[in-house]
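Chemist: This is the structure, below, for whatever I ask next.
Every read-out reported here was derived from the displayed coordinates using simple, explicitly stated rules and does not represent laboratory data. Computed from a predicted structure; not experimentally measured. Methodologically, a virtual Cβ is constructed for each residue, glycine included, from the backbone with ideal geometry; neighbour enumeration extends over all protein chains shown.
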Amino acid sequence: MPQASSISVLVVDDQLTMRALIRNALQQIGFKDIREAPDGEEALKQLLAKPANLVISDFNMPKMDGLALLRAVRSHPPIRQTAFVMLTGRADRELVQRAVQFGVNNYCVKPFTVQGLRDKIEQVFGQLT
Amino acid sequence: MMGQDLHQDDSGPTIKVHVTQGESHVSSDPNVVMTTVLGSCIAACLRDPTTGIGGMNHFLLPDAGDGRRNNGDAVRYGAYAMELLINGLLKKGARRDRLEAKIFGGGKLFDGLSDVGASNAAFAERFLRDEGIPIVSSSTGGLSARRVEFWPATGRVRQRLVAVDNAPVEVRRPVPIVPAVSNAGDLELF
């Protein structure tokens, strides 16, 4: 069983409040190495400089949205294996289908609970300790 | 769904869009006026003054002010309600760095141990401050309900206080309308 504390996470969302809420939820789950980026462009830059094990990304963002970030991650060999969880709204069924085509590992519908986010991450990594 | 009511008055055709709890609406149409009635709920009116694109939401945080339960879910819901409005504005062409806000509601319409309205207002103020969106005017708290009209194209707002006894029951004792959380997605990836 993987330890949450050994998994590095990059949280990508243009809203500071949402980043803080996701960070807080991840800390409650046990994650310790948590980084943040306000848009896809900055996230990609950060990942290429220092890879992460998991990306949790919003979809609607300026500069580069979540889907474009997902495609960019999957097309850069050094980081293409990064686990990628997309945060979406309720009405974004089509977006999820596109994200699946581009290799998303899972998705989580906003607003989410801590347990809901944990379940989604555990579906990717297995049960966390 | 939002109610739309077309009617004629002295200034030309007006399109009234009523925004009820859990909804948000965005427009740049100069004929549109968004209306809502608030008790302890909050309506945030956000607008990009350069493009004249504006919008209103209407929300009530679940369990806000209730110290017995985890407030994290309430804040996550509130942040989501604000995000829906902001994303709607950005999709129409508004710029985030130009957005300004007017907030209304958060009244205390009946005696109780907790002041749900104050918690809602505090959330909205903190969210907007953290996101760097200036609050250019606000009317929150108090003991009355509010009828609010917002013209997104100009940013004009008209507010009327409504005596509690004259307010609709859903305004006097609102029940949070919260979308399903966590595993709400219906696409099975696993």
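Chemist: Have a look at A:L95, A:L70, A:L44 and tell me which one the Gaussian network model of chain A (Cα, springs below 10 Å) gives the largest fluctuation.
Modeler: Maximum among the listed residues: A:L95.
Chemist: Set the bar at 20 Å for Cα to Cα. Now go through A:K50/A:K110; A:K63/B:K91; A:K110/B:K16; A:K63/B:K92 and name every pair that lies beyond it. Walk me through the numbers before you get to the answer.
Modeler: Working: A:K50/A:K110 28 Å; A:K63/B:K91 13 Å; A:K110/B:K16 29 Å; A:K63/B:K92 16 Å.
Result: A:K50/A:K110; A:K110/B:K16 exceed 20 Å.
Chemist: Could you give the size of the charge dipole of region A:4-125 about its Cα centre, using +1 on the Cβ of each K and R and -1 on the Cβ of each D and E, expressed in debye and rounded to the nearest 20?
Modeler: In debye, rounded to 20, region A:4-125 gives about 200.
Chemist: Further question: Points 7 angstrom from Cα along the Cβ direction at B:T51 and A:H76: gap in nanometres?
Modeler: If labels sit at B:T51 and A:H76, their model points lie 2.8 nm apart.
Chemist: For A:M1, A:M64, which order do you get if you count the other beta carbons within 10 Å of each Cβ and list the fewest first? All intermediate terms of the calculation are to be shown ahead of the outcome.
Modeler: Values: A:M1 9, A:M64 17.
Fewest to most other Cβ atoms nearby, the residues stand as A:M1, A:M64.
Chemist: Follow-up. Any idea what the relative contact order of chain A is, in percent, if you count C-alpha pairs under 8 Å spaced at least 6 apart?
Modeler: Once divided by the residue count of chain A, the mean separation gives 26 percent.
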